[in-house]
1. What is the number of the single condition among (1) within 22 Å of the chain's Cα centre (by Cα); (2) closer than 26 Å to T392 by Cβ that F261 does not meet?
2. Within the stretch 148-163, can you find the residues that are in a loop (DSSP other than H, G, I, E, B), surrounded by 15 or more Cβ atoms within 10 Å (Cβ to Cβ) and modelled with pLDDT under 80?
3. Look at the stretch 370-379 and say how many of its residues are surrounded by fewer than 19 Cβ atoms within 10 Å (Cβ to Cβ) and assigned to a strand (DSSP E or B).
4. Give me the residue from the stretch 259-292 that is within 25 Å of A313 (Cβ to Cβ) and β-branched (V, I, T) and, out of that set, modelled with the lowest pLDDT.
5. Out of curiosity, is G156 in contact (Cβ under 8 Å) with a residue 60 or more places away in the chain and small (G, A, S)?
6. Looking only at the stretch 277-293, decide whether some residue is exposed (fewer than 13 other Cβ atoms within 10 Å of the Cβ), assigned to a strand (DSSP E or B) and under 37 Å from the mean Cα position of the chain (by Cα).
7. Identify the residue in the stretch 331-369 that is polar (S, T, N, Q), more than 30 Å from T281 (Cβ to Cβ) and within 42 Å of the chain's Cα centre (by Cα) and, among all such residues, is surrounded by the most Cβ atoms within 10 Å (Cβ to Cβ).
8. Could you please let me know if Q352 is free of Cβ contacts under 8 Å to residues at least 12 places away in the same chain and over 29 Å from R476 (Cα atoms)?
Amino acid sequence: MFYNTNPNQQDIYVKAFSPATLCVAISKVNLTVTPLPLVNNVTIVQCDEDSDGFSAFNLTIKNNEISPTISAKITYYTSLIGAEISDPEKLIPDPIAFTNTTAGSMKVWARVENTNSCIKIAQLDLLVSTTQIPPSFTRILSACDDLTAINDDKDGVATFDFSSINVDISSILPPATTPYSIQYFKNEADALSENNAIQNPSKYRNEGYPNEQIIWVRVESTADNTCYGISPLLKLVVNPKPVIEDDPEGTKIVCSNLPAFYITLESGLPSGIESTNYTYTWTKNNSFLSGQTNSTLDVNTEGDYTVVVTSLAGCSTTKKIKVSASDIATITKIDIVDLSAINTVTVNTIGQGAYEFSLDKPNGPFQLSNYFNNVSSGIHEVYINDKNGCGTVSKTISVIGVPKYFTPNDDGFNDFWNIEGINATFNGNSTIYIFDRYGKLLKQLIPTSQGWDGTIAGQPLSSDDYWYTLQLEDGREVKGHFSLKR
């Protein structure tokens, strides 16, 4: 066996001699010595939260202490020989979550291999320490389900601030010989392996853990990673906001003309929900309505109403209700075109309501248009109905018309000729003059009478055309002719 006499690298020479030929050959061999990895034995102390002597260790947590060698490959084994020969039966496949197999303490070994394939073994002493956070030390934080741009208020997620609990934890721990850190984790596995610590406990959102989540705390030495305590001490509870249903009809309507008519505004709690489990605050046009604390509100005036529904847990939902006023119509003018081939009526109205119109039919059908075409002559009743239910107004109108003929044969039909659409109320002081074809005045009568029966001095006149002059009380004068048929 040859030991190099020069450190790290040395050249040696090999001489070969052949007795048969007496030939000699000399060859140079370069010897290079590569360094072993630098390794250190370490101790890892893990907390035991249930005092059974077993816990999960993250063996990689002290890799930098085990070997400062850059790019070293470190694998872990449950026996020294297994580490030396790289026995797959002794290999620890998941070093981030390794649970000791003997209570209280255990040794495992790290096989450190550098880039030159040189190997050295380090020993890891695993110690299980009972947590110093008592089981009775717990905290519960509650928050209401919130609403953000990427979150709705029904997903069981809210924002919590539990950074102040650090003070409470520090107060129950014994004085430490070295400073310690307090970290929070989403679950036990992360707390034991010291992975995925919650970075901002003052603005934590329980995403992925809706409605309720247990937060684990880990207290350890900042000097040597010794665990002082691990515990599921914090419970986060997200309370739901009250579920409020919108009104299917949208805007509510009150009637300005009916001050005794009230409508009921609903808070919107779904059917079957006990209303006494909530409190109610009502406002109108941003002003608080004193004494209104029920789940419903009776109103008779328009406005922007809101109700804040608050659960026993203090979570609130606001419902907005718009109440608009309607009213019966005010008729400003009715335009009538009569004494024509096609009579028309246009009803002009003002008011807050949504109106529909009918002619001579108080119960409809109604039309949305205020214009009536081809209206028969006579006395009519115009009806204007508020579609919102605030009432119907009506007005009597006169559409004047002249019959083109009459048949005075005592059969009960068209036995008299008279102007239509005139009565004591409408143009009652009008006068009708009837002439024959030669201009001779045959009859003078008033439209409120029964009319002309086609006789003169009791004698029936023959079938023919006759002329009339109508002088209306409203100042109009109309002339024309009609036929007498027998």
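1. If we test F261 against (1) within 22 Å of the chain's Cα centre (by Cα); (2) closer than 26 Å to T392 by Cβ, just (1) comes out false.
2. D153
3. Adding up the residues that qualify gives 4.
4. So, considering only residues that are within 25 Å of A313 (Cβ to Cβ) and β-branched (V, I, T), the one modelled with the lowest pLDDT is I273.
5. Spelling it out, G156 is indeed in contact (Cβ under 8 Å) with a residue 60 or more places away in the chain and small (G, A, S).
6. Restricting attention to the stretch 277-293, the residues satisfying the condition of being exposed (fewer than 13 other Cβ atoms within 10 Å of the Cβ) are 277, 285-288, 290-291, 293.
Now restrict to residues that are assigned to a strand (DSSP E or B): 287-288.
Retained after the next criterion (residues that are under 37 Å from the mean Cα position of the chain (by Cα)): 287-288.
Yes: one or more hits.
7. T349
8. no
The values are calculated or read from the model by the stated rules, or taken from the named source; none is laboratory data. Please read all numbers here as calculations on a predicted model, not as lab measurements. Cβ coordinates were reconstructed from backbone atoms using ideal geometry, including for glycine residues, and neighbour counts include every protein chain displayed.
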